[in-house]
Amino acid sequence: MTTKYIFITGGVLSGLGKGITTASIGKILQARGYHVTAIKIDPYLNMDAGTMNPFQHGEVFVTFDGGETDLDLGHYERFLDVEVPKYHNITSGQVYYTVIRRERKGKYLGQTVQLIPHVTEEIKRRIILVAKREKPDIILIEVGGTVGDYEGLPFLEAARQMKLEMPSDVLFVHVALVPVLSTTGELKTKPLQHSVAELRRVGIQPDIIIARAPKPLDESTRRKISLFTNVPINAVFTSHDVDTIYKVPLILEEQGLGRYIVTKLGLEPREPRLDDWVAFVRSLEDGKDEVNIYMCGKYVKLHDSYISIVEAIKHAAAKLRIKPNIIWCDTEEIEKEPSKVTELNNADAVIVLPGFGARGVEGKIEAIRYVRENNIPFLGICYGMQLATVEFARNVANLKGAHTTEVDPNTPYPVIDITPEEKDIKELGGTMILGNRRINIVKGTIAHAIYGTTEIVERHRHRYEVNPKFFKILTEKGLVFSAWRSDVPRVEMIELPNHYFFVATQFHPEFRSRPLRPHPIFVALLNAAYSKKHGLPSPWSHVLVK
Ligand code: GLN
């Protein structure tokens, strides 16, 4: 079967949840037994998302092969339960870089190198490469940004050309906002009409419209959209606001989107199998017993900065049928006013989040001290693990002024230091320890009880590590190193054996959590939170040292 390509463009506004719509379309097609994958196009000039501030673009999603990519790849992985390689995130930076390098090598044989055809050919090559390598039935290609953006034009031009070259294999879906006017409660279609006009100006006639609206569209509104966009009325769908993103595939399926797409692409119409997904959504709703999970970090004002962690919590909560109440805790506030740390008394569990640099660090350390001393269930992720080590060094091992050299290069006790492989690297882009690494878990530890195995693979994104010079003293004082990199002597997990639940990871478990396969570490944390709240003994008490 030849691969089919579905381009998803966005209109009127960014931030409409186009990534979730793309992942949802993928889900309902995959539910029909088709092999589906997805690509994200980001028209910015960065090579990847790695050097971008999470305040602007949200989380950097790390792929198994070490790509630092757009967070939409996280939605694809979670909805489709796949692992996408890094070349599924195409940026203008990568495209231009390749073209210019090729020009310098003289590969264009005297031609004038131009946007069309050279840049557009490179874009098409990168999309078709996914089809060639992975042979999926369907590739979804989400074009980032909004139709009408200058920087997105070469990508739309490449998409237009692909339709011309393979008319029966390419489909265009346009997702655009249909707002409700607050004064009259009326759904307004004009902005959507304009965005379709903009698409048609560059030669693309959408096949399907998905209106993003606060409520389902009525028949007359859909008729109006159909008339003005030249799309049949049965190809106008609504993705209305829902209380959980995981319902989006179900509401699109209900309206017949899956059937419409397969018919339009000339594929065999099959019955979708979404039973597991429906059951998962129901278990998300079933959770009534609330637990307060405090998320402590410095980017907490933009919740998308930690989207995979939030989703991982939801997956685990669905499994345990509890309701996580996520409370954001800005550690800079604790830094300014240390007494604020007592707020963590309301926490059933605390996560100290990944991060970089000095801002908010003392607040994080203070939060860790508080949860350690007050037996509050704790999970530290990456920087969270490193700072838990610093806290332990300072306050338990009595190493005054202990720190990470990332923040204090002159600390008398550099318990966290740059890893040997990162020492001589000067550039920042794509140079961290990235992606999958094999890890061995120490038998008899809480980590071992959580995973139920001694060999795991997890994703990484860091430059620093627990300094081997301090292994001995920290261990003597009671810190347990419960997992190690399999190839180098690097600490991957720490835990405290005499605490209710105190576990931290150098890796990022959140990237491997899936709705139907929640990550064991998040399940363990939530289980501890629930038990603690209900005055039960720690679920790990059989492992804990008495
Ligand atoms: N800044 C730390 C490091 O580079 C932690 C990184 C992280 O939390 N992702 O090692």
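The lone criterion from (1) within 25 Å of LEU526 (Cβ to Cβ); (2) away from the ligand (no atom under 13 Å from the Cβ); (3) crowded, with 16+ Cβ neighbours inside 10 Å left unmet by ALA402 is number (1).
Could you grab me the full set of residues in the stretch 181-203 that are over 30 Å from the mean Cα position of the chain (by Cα) and of a type in the set (A, V, I, L, M, F, W, C)? The answer is LEU181, LEU187, ALA197, VAL202. Look at GLY430 and say whether it is within 16 Å of the ligand (Cβ to nearest atom) and on the phi > 0 side of the Ramachandran plot. Considered against the rule, which asks whether it is within 16 Å of the ligand (Cβ to nearest atom) and on the phi > 0 side of the Ramachandran plot, GLY430 comes out as yes. State the number of residues belonging to the stretch 226-244 that are surrounded by fewer than 19 Cβ atoms within 10 Å (Cβ to Cβ) and either part of a helix (DSSP H, G or I) or over 22 Å from the mean Cα position of the chain (by Cα) (or both). Summing the residues that are surrounded by fewer than 19 Cβ atoms within 10 Å (Cβ to Cβ) and either part of a helix (DSSP H, G or I) or over 22 Å from the mean Cα position of the chain (by Cα) (or both) in the stretch 226-244 gives 8. Restricting GLU290, GLU332 to those that are among the acidic types (Asp, Glu), surrounded by fewer than 24 Cβ atoms within 10 Å (Cβ to Cβ) and not in a helix (DSSP H, G or I) reduces the list to GLU290. LEU109 passes every criterion in (1) more than 26 Å from the chain's Cα centre (by Cα); (2) under 25 Å from GLY93 (Cα atoms); (3) at pLDDT 95 or above apart from (3).
Tally the residues that are under 13 Å from GLN506 (Cβ atoms), more than 16 Å from the ligand (Cβ to nearest atom) and part of a strand (DSSP E or B), restricting the search to the stretch 442-471. Counting residues in the stretch 442-471 that are under 13 Å from GLN506 (Cβ atoms), more than 16 Å from the ligand (Cβ to nearest atom) and part of a strand (DSSP E or B) gives 1.
Evaluated against (1) away from the ligand (no atom under 16 Å from the Cβ); (2) among the acidic types (Asp, Glu); (3) over 25 Å from LEU536 (Cβ atoms), GLU373 falls short on exactly one condition, (3).
The listed residues are ILE368, ILE416, and the only one of them that is farther than 18 Å from VAL491 by Cα and buried (at least 17 other Cβ atoms within 10 Å of the Cβ) turns out to be ILE368.
In the condition set (1) in contact with a Ser or Thr (Cβ under 8 Å, 6 or more places away or on another chain); (2) surrounded by 16 or more Cβ atoms within 10 Å (Cβ to Cβ); (3) over 19 Å from PHE502 (Cα atoms), ARG321 is compliant with all but (2). Figure legend. Inter-residue proximity from the stretch 357-368: first residues assigned to a loop (DSSP other than H, G, I, E, B), second residues aliphatic (A, V, I, L, M), beta-carbon distance below 9 Å, spacing 6+ or different chains. Indicated pairs: GLY357/VAL407; ALA358/VAL407; GLY360/ILE334. Scanning the stretch 384-399 for residues that are in contact (Cβ under 8 Å) with a residue 40 or more places away in the chain and either outside any loop (DSSP other than H, G, I, E, B) or within 16 Å of the ligand (Cβ to nearest atom) (or both) yields a count of 7. When residues in the stretch 82-101 are screened for being surrounded by fewer than 18 Cβ atoms within 10 Å (Cβ to Cβ) and in a helix (DSSP H, G or I), 7 of them pass. Just one residue in the set ILE326, ILE293, ILE309 is under 25 Å from PRO354 (Cβ atoms) and free of Cβ contacts under 8 Å to residues at least 60 places away in the same chain; that residue is ILE326.
Whenever a residue of the stretch 407-424 is of a type in the set (A, V, I, L, M), its partners that are exposed (fewer than 14 other Cβ atoms within 10 Å of the Cβ), lying with C-beta atoms within less than 8 angstrom and at least six residues away or across chains, give the pairs VAL407/GLY357; VAL407/ALA358. Criterion first (at pLDDT 95 or above, crowded, with 22+ Cβ neighbours inside 10 Å and within 16 Å of the ligand (Cβ to nearest atom)) does ILE521 satisfy it? The answer is yes for ILE521. Select from the stretch 256-277 the residues that are crowded, with 17+ Cβ neighbours inside 10 Å, out of contact with any Asp or Glu (no Cβ under 8 Å at 6 or more places or on another chain) and farther than 18 Å from SER168 by Cβ and list them in ascending order. Once the filter is applied, which keeps residues that are crowded, with 17+ Cβ neighbours inside 10 Å, out of contact with any Asp or Glu (no Cβ under 8 Å at 6 or more places or on another chain) and farther than 18 Å from SER168 by Cβ, the stretch 256-277 yields LEU257, GLY258, TRP277.
The values are calculated or read from the model by the stated rules, or taken from the named source; none is laboratory data. Here the structure is a predicted model, which means the values were calculated and not measured. Don't worry about glycine lacking a Cβ; one is built from the backbone with ideal geometry, like all the others, and counts go over all protein chains shown.
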